[in-house]
Amino acid sequence: MPFLVSDIIYASLREIGQLRAPGQSPSTTEQTDVLNALNRMLGTWDTKRLNIFTLLRSDYALTAGFENYTIGGAGGGSGGTLNAVRPVAIRNANIITSVDAFSIPLRLVPASEFFAEPDRNRQAAVPLLLYYDAAYPTATLYLYPVPLNAASLELFTWQQFTQFALLTTIFDMPPGYENAIILNLAVRVAPMFNIQPSAALIGEAQDAYESIRGLNAPPIPGAAEEAQASGAAQPQPPADNAAKP
């Protein structure tokens, strides 16, 4: 059930005994400090794959003859050629052809492999490689070969946690996240109030954290879900990647 971020802060402070009397409220300064700690904690969680509860699927139009596409804007907002928020990481990517809407998997490669290609200006009917430089705040995606035809780029990216700007922001996440965030936030902010979190609280926080990570673990390699996620289960048309005059 959705509730307010202020409820998360209240529950965390109750866990460490900072708010002892029922109905006691934290001060404005305390709420601001804990809210900032909450956002920092979720920012760290964003960098770890098993904390992410879903992959975000997005489609972007590609222009024939263009190799590079920027994504992301100042302050973590939308921007760039693709006019979207910069992904923390890209899990999978496909090219969706403009004719018959075939889905063709792209191979995600590091910079060393992408820029080792001898002729990066080579054009072909369908790109095969994608390099994501993950620059901040605006990142760049590079395709090789350069697409000859207009198409769509399908990305599966980590769904980032929301940074909470206000105490009145609605908190709405899957089951298990509420408890994991409350307990881990309590452990994180306890030193701010000169409180030593108990061993029991630390253990409960770790158990709750590992529980959500267990739910988000990828399927066993070779399973049907893995084949679908990787794009291996998608139909592939005969591809002619030879350069055209």
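Odds and ends about this structure:
- Residue count for the stretch 45-76, restricted to those that are among the acidic types (Asp, Glu) and either under 17 Å from the mean Cα position of the chain (by Cα) or surrounded by fewer than 15 Cβ atoms within 10 Å (Cβ to Cβ) (or both): 2.
- Ile52 passes every criterion in (1) at pLDDT 90 or above; (2) closer than 26 Å to Trp158 by Cβ apart from (1).
- A search for C-beta distances below 7 Å between a residue of the stretch 206-218 that is charged (D, E, K, R) and any residue that is part of a helix (DSSP H, G or I), counting only pairs 6+ apart in sequence or on different chains, returns Arg213/Leu50; Arg213/Asn51.
- The condition of being in a loop (DSSP other than H, G, I, E, B), farther than 24 Å from Asn94 by Cβ and among the hydrophobic types (A, V, I, L, M, F, W, C) does not hold for Leu38.
- Of all residues in the stretch 80-90, at least one satisfies being farther than 30 Å from Gly214 by Cα and under 17 Å from the mean Cα position of the chain (by Cα).
- From Thr54, Thr47, Thr29, residue being free of Cβ contacts under 8 Å to residues at least 12 places away in the same chain and more than 29 Å from Pro147 (Cα to Cα): Thr29
- Selection count, the stretch 1-25, where residues are closer than 26 Å to Gly203 by Cβ and within 32 Å of the chain's Cα centre (by Cα): 12
- Contacts under 8 angstrom Cβ, first residue in the stretch 184-196 being under 20 Å from Leu42 (Cα atoms), partner buried (at least 20 other Cβ atoms within 10 Å of the Cβ) and of a type in the set (D, E, K, R), 6 or more apart: Ala186/Glu15
- Among residues of the stretch 130-157 that are more than 25 Å from Ala101 (Cβ to Cβ), those with a Cβ under 9 angstrom from a residue that is of a type in the set (Phe, Trp, Tyr), sequence gap 6+ or separate chain, pair up as Asp133/Tyr142; Ala139/Tyr132; Thr140/Tyr69; Thr140/Tyr131; Thr140/Tyr132.
So that you can scan it fast, the table gives a plain yes or no per residue for (1) in a loop (DSSP other than H, G, I, E, B); (2) loosely packed, with under 15 Cβ neighbours inside 10 Å; (3) aromatic (Phe, Trp, Tyr):
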| position | (1), (2), (3) |
| --- | --- |
| Thr162 | yes, yes, no |
| Ala165 | yes, yes, no |
| Pro175 | yes, yes, no |
| Ile181 | no, no, no |
| Pro197 | yes, no, no |
| Ala200 | no, yes, no |
| Glu210 | no, yes, no |
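- Hey, Pro110 at pLDDT 90 or above and closer than 27 Å to Asn216 by Cβ or not: yes
- Among (1) more than 24 Å from Ala217 (Cα to Cα); (2) at pLDDT below 90; (3) outside the structural domain of Tyr142 (by TED's automatic domain parsing) - the single one Pro26 does not satisfy: (2)
The values are calculated or read from the model by the stated rules, or taken from the named source; none is laboratory data. Predicted model, so just to flag it, every value in this text is computed and none were measured. For neighbour counting, all protein chains shown are included, and Cβ atoms are generated from backbone atoms with ideal geometry for every residue, glycine included.
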